[in-house]
Amino acid sequence: MTLDILICTIDEGILRVPEVLMSPRGDVRYVVSMQWTNPRAGRKDEEVEESLLEQVPAVLKEREDVALTFLEGKGLSRNRNHALEKVTGDVVLIADDDCRYTKELIGNIFAAYNGHPEADVIHFQALDTEGKPLHPYPVPYVSSVEMTFRREVATRFDERFGLGSEFFCAGEEDVWMKDAQEAGYHILYVDKPIVMTPKETTGKNFLKNKQMQVTKGAVFKHVYGTGGAAWRTLKEAGWWLVHKGANPLPILYNMVRGMQLLAPRS
């Protein structure tokens, strides 16, 4: 069994990617997709790629277990879908440029798939940089760095969601898991850690972040349908009132707006 670790980054984030790599091993490969946002300024494709390669740390160009690819523009989900086109391993692991791995953590992935041949998708636990669980497990929502799946899984990330998207700034993992479930894939949770990563910051400022509130409403609708989303938006707004003393009306308004903005996919 082989594992492809997908590392998606943008612009100067490429400088952090070498820290993600473990010592070379025959059953692990890295697919590094670098998005770039600098103006093309009339340059040809080959000139752009040459310029980008100059920005890439030497180790990423020298190691045979690293496959480099480039993508113009923004959108984390778009970048991940681009990287998925380059996959050759049996199992895929989603990574960010601040993730860290060890032999033992990666071993948990191989053991899980070898022990569960029926599983198409397995999600795990993540540790913070101090080696403690990122949050209490199991959790209702899965972070992308906790996700793995077999190469044959055809589900792709909904490019309306995720950092840098034109529409909704997060939630791409929840949407992906729902899409995979509806496609009939066998999804399993294994209570083992597979990654060390800084504590989550996305959504920390939910109370002050209108875009996050809009996004949450859209995610609720995609995952639970209109009726289920309506109940959950009320429950969410009520939680902020009871536990934080916040005015629930703006929160409720923004989440309902997100539900309204989520148009059916073409």
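The table for this structure:
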| item | result |
| --- | --- |
| All positions within segment 16-52 that are outside any loop (DSSP other than H, G, I, E, B), hydrophobic (A, V, I, L, M, F, W, C) and at pLDDT below 95 | Met34, Trp36, Val48, Leu52 |
| Residues of segment 86-129 satisfying the condition of being among the β-branched types (Val, Ile, Thr) and part of a strand (DSSP E or B) | Val91, Val92, Ile94, Val121, Ile122 |
| Some residue of segment 147-156 being basic (Lys, Arg) and without any contact (Cβ under 8 Å) to a residue 40 or more places away in the chain | no |
| Residue count, segment 166-192 (criterion: under 13 Å from the mean Cα position of the chain (by Cα) and either part of a loop (DSSP other than H, G, I, E, B) or outside the structural domain of Ile94 (by TED's automatic domain parsing) (or both)) | 3 |
| Residue tally, condition over 25 Å from Leu163 (Cβ atoms) and surrounded by 14 or more Cβ atoms within 10 Å (Cβ to Cβ), over segment 215-250 | 4 |
| Qualifying positions in segment 104-133 - charged (D, E, K, R), farther than 24 Å from Gly13 by Cα and out of contact with any Lys or Arg (no Cβ under 8 Å at 6 or more places or on another chain) | Glu104, Glu118, Lys132 |
| Residue in segment 90-102 that is in contact with a Gly (Cβ under 8 Å, 6 or more places away or on another chain), closer than 24 Å to Ala67 by Cα and at pLDDT 95 or above present | no |
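A quick yes/no check of all residues on (1) of a type in the set (Lys, Arg); (2) at pLDDT 95 or above; (3) over 24 Å from Thr9 (Cβ atoms):
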site	(1), (2), (3)
Pro140	no, no, yes
Phe149	no, yes, no
Met177	no, yes, no
Gln181	no, yes, yes
Leu188	no, yes, yes
Lys208	yes, no, yes
Gln213	no, yes, yes
Lys235	yes, yes, yes
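The values are calculated or read from the model by the stated rules, or taken from the named source; none is laboratory data. Computed from a prediction, not measured in an experiment: that's the story for all the values here. Ideal geometry is used to build each Cβ from the backbone, glycine not excepted, and the neighbour counts take in all protein chains shown.
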